[in-house]
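Engineer: The structure that follows is given in the form of structure tokens.
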Amino acid sequence: MVFLNWFAIYYLICQVAEIIMKERYTTFQSLIAAFGRALIDTLFQYFSVYTVIIKLLSSLFAVVVLKWYSFQFKNLFVTFLAFMTIKLAFIGSQYMFGNALPSSIATCAGIIIVLSSIRYLFRYLYNFIYTKKLLLNVCLVFDYGEVSCTGYYDTGNRLYDDYNKPVVVIHNKLVEKLQLEHVGRIATKTVNGIKILPLVDLKIKVYYNESVHRVYEVRAAVSDYLKSQHDIILHRDMGEI
């Protein structure tokens with residue numbers, strides 16, 4: 001019962017930290033962080049310098065888990081301070097209101113866990129059923145041969161260059177790996193405002209099924225904001241033929 005109370009508290013702390021830091025943690029990240037931190041508080045209940053050090057290290061571990069997909073040392077420290085501040089606030093409330101608070105926190109956290117799990121399940125099913133249909137085999141064509149990668153057909157991509165030609169989006173790691181030279185820049189509108197992205201020239205072969213393909217000579221905007229499932233975001237004009 002002690003472990004479940006701590007687990008509920010720390011899961012709720014992770015959710016509050018996500019809101020305060022304006023970040024997105026997966027359900028799995030929050031569960032692992034809460035599980036590890038709750039386990040330490042359950043095993044080391046008595047105060048000593050040794051236990052304080054262990055609990056601080058376990059809190060740091062929890063924050064590293066939450067920041068796993070966007071790890072930066074400077075931001076890690078800020079998130080750690082936020083995590084500890086929220087924790088102190090919860091513990092202070094616990095002493096103020098007595099034993100009634102942990103059970104109510106457990107109830108709230110349980111609701112959050114169920115809702116988050118449902119959201120995670122629907123997101124997984126969406127990615128598995130719908131998004132998978134939009135992933136296409138793509139080859140980057142060069143004088144020395146072809147490089148295979150994965151493209152995502154995005155009907156929302158309406159980027160055009162100065163000559164009104166479609167502009168795809170390519171991951172910067174792939175550009176660095178292939179040592180492609182920048183040939184210009186393009187302004188793109190994102191949720192965070194206007195961003196200026198470098199451009200590279202590409203010759204792309206897009207496979208729409210096992211036997212049909214089309215070759216496009218396009219420019220590609222270089223960006224960090226691509227999911228791990230694909231290397232290139234194709235243009236809306238590159239639909240199935």
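The values are calculated or read from the model by the stated rules, or taken from the named source; none is laboratory data. As the structure is a computational prediction, the values presented were derived from the model and not from experiment. Don't worry about glycine lacking a Cβ; one is built from the backbone with ideal geometry, like all the others, and counts go over all protein chains shown.
Engineer: Is it true that residue 53 is surrounded by 13 or more Cβ atoms within 10 Å (Cβ to Cβ), outside the structural domain of residue 225 (by TED's automatic domain parsing) and at pLDDT 85 or above?
Structural biologist: Answer is no for this residue.
Engineer: Starting from residues that are at pLDDT 70 or above and among the aromatic types (Phe, Trp, Tyr), keep the ones in the stretch 57-109 and report whichever is surrounded by the most Cβ atoms within 10 Å (Cβ to Cβ).
Structural biologist: Among those residues, the one meeting the criterion is 83.
Engineer: A further question follows. Taking the residues in the stretch 136-146 that are surrounded by fewer than 19 Cβ atoms within 10 Å (Cβ to Cβ) and in contact with a strand residue (DSSP E or B) (Cβ under 6 Å, 6 or more places away or on another chain) as candidates, determine which candidate is modelled with the lowest pLDDT.
Structural biologist: Among those residues, the one meeting the criterion is 137.
Engineer: Moving to a separate point now. Is it the case that the stretch 28-47 has a residue that's over 30 Å from residue 224 (Cβ atoms), free of Cβ contacts under 8 Å to residues at least 60 places away in the same chain and hydroxyl-bearing (Ser, Thr, Tyr)?
Structural biologist: Checked against the condition, which is being over 30 Å from residue 224 (Cβ atoms), free of Cβ contacts under 8 Å to residues at least 60 places away in the same chain and hydroxyl-bearing (Ser, Thr, Tyr), the stretch 28-47 yields at least one hit.
Engineer: A further question on this structure: Just for the stretch 1-16: of the residues that are surrounded by fewer than 23 Cβ atoms within 10 Å (Cβ to Cβ) and not hydrophobic (A, V, I, L, M, F, W, C), which one is nearest to residue 75 (Cα to Cα)?
Structural biologist: Result: 15.
Engineer: Got a number for residues in the stretch 147-175 being assigned to a helix (DSSP H, G or I) and in contact with a strand residue (DSSP E or B) (Cβ under 9 Å, 6 or more places away or on another chain)?
Structural biologist: Of the residues in that region, 3 qualify.
Engineer: Further question on the same structure: Of 40, 19, which residue is under 20 Å from residue 75 (Cβ atoms), of a type in the set (Val, Ile, Thr) and either within 21 Å of the chain's Cα centre (by Cα) or in a helix (DSSP H, G or I) (or both)? Spell out how you get there, then give the answer.
Structural biologist: Working: 40 fails: under 20 Å from residue 75 (Cβ atoms).
None of the others qualify; the one that does is 19.
Engineer: What are the pairs, 6+ residues apart or on separate chains, where a residue within the stretch 64-76 that is over 17 Å from residue 37 (Cα atoms) has its Cβ under 8 Å from a residue that is at pLDDT below 80?
Structural biologist: Taking only residues 6 or more apart or on different chains, the pairs are 70/23.
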